[in-house]
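The values are calculated or read from the model by the stated rules, or taken from the named source; none is laboratory data. For clarity, every value in this text was computed on a predicted model and none was experimentally measured. As a convention, Cβ positions derive from the backbone with ideal geometry for all residues, glycine included, and neighbour counts pool all protein chains shown.
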Amino acid sequence: MKTRATALMAATVITTLSVSPAAAEPPDGPPGHSPQAQFTLQADVLDGGEQVTSVTIDGHRLRPLDEESLTTSTFTVHAEARYPDDVDLMGEEQTVYAEERAVTDAQLTPSGDIQLDLETAFDLPGGATLGYLDPAGRNITLDLDYTVEQEEPLRLRTGREVTFSALEQGELVSPEVDAFDTGVSSTGVNYRLSRPAPGRDQKPLIVWLHGNGEGGHGGFYDNEPQLRANRGAVGPATPEAQEIFDGAYVLAPQVPDTWYETPSADYAQQLRDLIDEVAGRERIDTDRIHVMGASAGGYMATVLISAFPEDFASAAITCPAYTTTGAEDRRVDEEDISRLADTPTWFIHSADDPVVPVEETSTWAHELLPSSILSIYDDVSFHGVDYPGHFSWIYTAQNDPTHDGVSLWEWMADQSR
């Protein structure tokens, strides 16, 4: 017997959705009983961006389930995604994908739920939680609609077979993203904040400035892509990074449009104000504020430190988009770079970057700052996967760059004003 269930849920709903368990009789009820259940979507921020990596079906009503009756063919999973209705599509189709998701493993969790692991891969059709709206150059949080169909009955240890009468989509869970609180600055800048483990000591603050693709688009400004598009912000919040820094806050602002509007919007001052607001509420050591940024965020990191050259402990600048900003007043010049002289700075870039040429940006800036560190990779290949040459932020987010035997994060943790 085949069971089909589907429900639309915006991917921006993370932890606020509250759903009561579906009513059902216990599995020792009358023969032919068909319980209802909910399933959650488990997402993970992979090196190439966030994907839904598993589906978990609430199986607490099926105890005791015979695990041998659960295989990768027991359920099928179909995924559909579309841009939200209030996004200016600029001529693009609203539906981004409609794909079958391959189930690679099926297992019972310790709590008795049914976990279906899904195939994941870079640029996998049907896996992403973000869609790239090409005319706008923006990653947009997608509305996800998952359908789980039961193809074969499950068997209880009593021998009775059970088929779900309904499977309803519940919340999207992404643990690393959900660990960041949501906020809006006094000037209207969205941000997410991760806190270290509680303690009496003041801790450093790491500021992650996202690339151009993670900014707002028109009125669509949802405080999500700067965490989901890559691991740039979530990397410093991992246990590995927190151990290196002995605990650190991680702040990830989202620009309403593009960092390149800073000449008119003065995003340098807005970011400085945001940092002051957060530092005024949290136990932050203001002598240890570190700035990280990639692509347009690398541009903005440079502009921010140039505007406030005495305020930051270090800068980790990845593939900085100094040459793709458009109007001349948006460009970073030699004077801007010279104002980073008193801030320990590390540039990271890939030699095959087709978007931001390394010689005109990172190499040029490094030569103007003799005390800076420069890590140039031949290409972007990590964990056996080849990525576009512009994705050198993957190395930064994984703490891969080293200099004289010291990793990037270890070097940052050693810096102070």
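See the values below:
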| item | result |
| --- | --- |
| Set Tyr221, Tyr191, Tyr249: member being of a type in the set (Phe, Trp, Tyr) and either farther than 30 Å from Ala79 by Cα or in the same structural domain as Leu144 (by TED's automatic domain parsing) (or both) | Tyr249 |
| Selected residue [within 30 Å of Ser69 (Cβ to Cβ) and not charged (D, E, K, R)] from Gly170, Gly137 | Gly170 |
| Top-ranked residue in the stretch 317-332 [being among the polar types (S, T, N, Q) and not in a strand (DSSP E or B); ranked as surrounded by the fewest Cβ atoms within 10 Å (Cβ to Cβ)] | Thr323 |
| Residue in the stretch 144-158 that is among the hydroxyl-bearing types (Ser, Thr, Tyr) and over 23 Å from Val52 (Cα atoms) present | yes |
| Trp346 vs. criteria closer than 28 Å to Leu205 by Cβ, out of contact with any Asp or Glu (no Cβ under 8 Å at 6 or more places or on another chain) and among the aromatic types (Phe, Trp, Tyr) | yes |
| Qualifying residue in the stretch 382-393 (condition: under 26 Å from Ala241 (Cβ atoms), acidic (Asp, Glu) and out of contact with any Cys (no Cβ under 8 Å at 6 or more places or on another chain)) | yes |
| Selection count where residues are among the basic types (Lys, Arg) and free of Cβ contacts under 8 Å to residues at least 60 places away in the same chain, scope the stretch 262-286 | 2 |
| In the stretch 333-357, the residues that are buried (at least 22 other Cβ atoms within 10 Å of the Cβ), assigned to a loop (DSSP other than H, G, I, E, B) and either among the aliphatic types (A, V, I, L, M) or modelled with pLDDT under 95 (or both) | Leu340, Val356 |
| Any hit, the stretch 380-398, residues being among the acidic types (Asp, Glu), closer than 19 Å to Gly211 by Cβ and surrounded by fewer than 21 Cβ atoms within 10 Å (Cβ to Cβ) | no |
| Residue among Thr76, Thr72, Thr141 that is among the hydroxyl-bearing types (Ser, Thr, Tyr), surrounded by 15 or more Cβ atoms within 10 Å (Cβ to Cβ) and either assigned by TED's automatic domain parsing to the domain that holds Gly216 or over 21 Å from Gly48 (Cβ atoms) (or both) | Thr76 |
| 2 or more residues over 18 Å from the mean Cα position of the chain (by Cα) and surrounded by fewer than 24 Cβ atoms within 10 Å (Cβ to Cβ): qualifying helices (runs of 4 or more DSSP H) within the stretch 213-275 | 239-245, 262-265 |
| Qualifying residue in the stretch 37-44 (condition: out of contact with any Phe, Trp or Tyr (no Cβ under 9 Å at 6 or more places or on another chain), of a type in the set (Phe, Trp, Tyr) and in contact (Cβ under 8 Å) with a residue 24 or more places away in the chain) | no |
| Output for the stretch 378-401, where each listed residue is more than 19 Å from the chain's Cα centre (by Cα) and touching a residue at least 24 places away in the same chain (Cβ under 8 Å) | Asp378, Asp379, Gly389, Pro401 |
| Residue within the stretch 178-186 that is buried (at least 24 other Cβ atoms within 10 Å of the Cβ) and within 19 Å of Ala128 (Cβ to Cβ) present | no |
| The stretch 279-316, residues that are part of a helix (DSSP H, G or I) and either crowded, with 20+ Cβ neighbours inside 10 Å or outside the structural domain of Arg330 (by TED's automatic domain parsing) (or both) | Ala296, Gly297, Gly298, Tyr299, Met300, Ala301, Thr302, Val303, Leu304, Ile305 |
| Complete set of residues in the stretch 358-379 that are touching a Pro at 6+ places or on another chain (Cβ under 9 Å), crowded, with 20+ Cβ neighbours inside 10 Å, of a type outside the set (A, V, I, L, M, F, W, C) and not in a strand (DSSP E or B) | Thr361, Ser362, Ser372 |
